[in-house]
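Accompanying notes for the structure given below.
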Amino acid sequence: MTEFGFIEQIRRLFATLPDQGFEGIGDDCAVLPVDGDEALVFTSDLLTEGVHFLRHATSARELGRKSLAVNLSDVAAMGARPAATLLSIALPKDASQQWALEFMEGYRELSARFATPLVGGDTTRSETGITINVTAIGRAPIDHLKRRRDARPGDRIFVAGELGASGAGLREILAGRLHTPLADAHRNPAPQVDEGIWLGARQEVHAMMDLSDGLASDLCHILDLSHAGAEIDLESIPVARGSDLQTAACGGEDYKLLLTAASEAADRLAAAFHARFGTPLYPIGRITTGNGLTWLRNGQPEALDWHGFTHY
């Protein structure tokens, strides 16, 4: 069983049930139209000790921020504004009251930054390790929502930041180097909330998602749902300082936005983005009429067996 094979089995199992107006499995968030021209979006993510974080290498405050950040990134990837969250957490006996308080302080810091209230959740005991689940709710005009299925042949492909810092930071942590800039980047992802809202309002942006499992895997989700192919120029991938090209393409948890945009408006979009945020939109390739992902080096196809992160 693979992670995405299991998700596909779940999707088929529930396909015959009434959707109650929801757009379900397939995007970063489920979508529920409300109030005519508006929609609510919903996402949920788990973080499990030993899989997503190492307690000895991550402070409680950092983990609180990260637990929220990865969910706000999904909301941003839809072009929506975060509206509220729910938090459930299972704590073992060796997690102290002080640890729990610092975790919540970190969670509140990021909540306050984006004016996002915590409106519910649950707590329970864990026999082994910490497990955290966050549900985030966002809101946007329906015509601002960006879906993975809307990439079109000829679209330019952009990423909204340098890639590979988190993957390189994880290597640092696993090697015992806990206090380096790259290790800090891995523990402290910055969701591109304002950028996502701004890109959602741009009609020339077609498909969008966030990079949680790595470009090599995440772009394929857009291609599968859009029934399209892509060519990626290896020399155009923005590699974070201290990382390398393969980590930039395959490392997970960068949480930068990946998007496609109409080719005739792509340069104008990139210029407007830079003027608004002071950072580049990096063009890395194009959507094609073919199937699958093709890596190009100096314009020539290169056979690379590169894949992003999967849980199993």
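Overview of results
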read-out: Only one of Ala90, Ala95 that is in a strand (DSSP E or B) and not basic (Lys, Arg); value: Ala90
read-out: Tabulated pairs, segment 83-110, first within 17 Å of Leu54 (Cβ to Cβ), second outside any strand (DSSP E or B) and open to solvent by 30 Å² or more (accessible area, probe 1.4 Å), C-beta under 6 angstrom, 6+ apart or interchain; value: Glu102/Arg61; Gly106/Arg61; Gly106/Arg65
read-out: Flag if Arg108 is open to solvent by 10 Å² or more (accessible area, probe 1.4 Å), out of contact with any strand residue (DSSP E or B) (no Cβ under 6 Å at 6 or more places or on another chain), at pLDDT 95 or above and closer than 21 Å to Leu199 by Cβ; value: no
read-out: Test for Leu245: is it open to solvent by less than 40 Å² (accessible area, probe 1.4 Å), modelled with pLDDT of 95 or more and either on the phi < 0 side of the Ramachandran plot or touching a Ser or Thr at 6+ places or on another chain (Cβ under 7 Å) (or both); value: no
read-out: Residues satisfying the stated conditions in segment 1-36, i.e. free of Cβ contacts under 8 Å to residues at least 60 places away in the same chain and of a type in the set (Gly, Ala, Ser); value: Gly5, Ala15, Gly21, Gly24, Ala30, Gly36
read-out: Residue match in segment 87-104 (condition: crowded, with 17+ Cβ neighbours inside 10 Å, under 30 Å from Pro141 (Cα atoms) and modelled with pLDDT of 95 or more); value: yes
read-out: Test: Gly121 is over 30 Å from Gln203 (Cβ atoms), at pLDDT 95 or above and surrounded by fewer than 16 Cβ atoms within 10 Å (Cβ to Cβ); value: yes
read-out: Pick from segment 183-228, criterion open to solvent by less than 10 Å² (accessible area, probe 1.4 Å) and out of contact with any helix residue (DSSP H, G or I) (no Cβ under 6 Å at 6 or more places or on another chain), ranking: farthest from Glu3 (Cα to Cα); value: Leu199
read-out: Subset of segment 9-49 [out of contact with any helix residue (DSSP H, G or I) (no Cβ under 7 Å at 6 or more places or on another chain), open to solvent by less than 50 Å² (accessible area, probe 1.4 Å) and over 26 Å from Leu63 (Cα atoms)]; value: Gly21, Gly24, Val31, Leu32, Val34, Leu40
read-out: Residue in segment 148-158 that is farthest from Ser59 (Cα to Cα), counting only those that are buried (at least 24 other Cβ atoms within 10 Å of the Cβ) and in contact with a Lys or Arg (Cβ under 9 Å, 6 or more places away or on another chain); value: Asp155
read-out: Elements of type strands (runs of 3 or more DSSP E) in segment 255-312, at least 1 residues being at pLDDT 95 or above, open to solvent by 30 Å² or more (accessible area, probe 1.4 Å) and touching a strand residue (DSSP E or B) at 6+ places or on another chain (Cβ under 8 Å); value: 282-288, 292-297
read-out: Subset of segment 124-140 (residues that are of a type in the set (Val, Ile, Thr) and open to solvent by 30 Å² or more (accessible area, probe 1.4 Å)); value: Thr124, Thr128, Thr131, Thr135, Ile137
read-out: Pair list, Cβ under 6 Å, 6 or more apart: segment 274-298 residue within 17 Å of Cys250 (Cβ to Cβ), other residue assigned to a loop (DSSP other than H, G, I, E, B) and open to solvent by 40 Å² or more (accessible area, probe 1.4 Å); value: Trp295/Glu302; Trp295/Leu304
read-out: Number of the condition not met by Ala76 [criteria: (1) open to solvent by 30 Å² or more (accessible area, probe 1.4 Å); (2) of a type in the set (A, V, I, L, M); (3) touching a helix residue (DSSP H, G or I) at 6+ places or on another chain (Cβ under 7 Å); (4) modelled with pLDDT of 95 or more]; value: (1)
read-out: Residue within segment 212-228 that is on the phi > 0 side of the Ramachandran plot, within 14 Å of the chain's Cα centre (by Cα) and not aliphatic (A, V, I, L, M) present; value: yes
read-out: Candidate set from segment 96-105 (those that are touching a strand residue (DSSP E or B) at 6+ places or on another chain (Cβ under 9 Å) and among the aliphatic types (A, V, I, L, M)); member that is farthest from Arg65 (Cα to Cα); value: Ala100
read-out: One residue from Ala136, Ala115 being assigned to a loop (DSSP other than H, G, I, E, B) and farther than 20 Å from Ser59 by Cβ; value: Ala115
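The values are calculated or read from the model by the stated rules, or taken from the named source; none is laboratory data. Because the structure is a prediction, the values reported are computed rather than measured. As a convention, Cβ positions derive from the backbone with ideal geometry for all residues, glycine included, and neighbour counts pool all protein chains shown. With ligands, DNA and RNA removed, areas are computed over all heavy atoms of the protein, side chains included. Shrake-Rupley method; radii C 1.70, N 1.55, O 1.52, S 1.80 Å.
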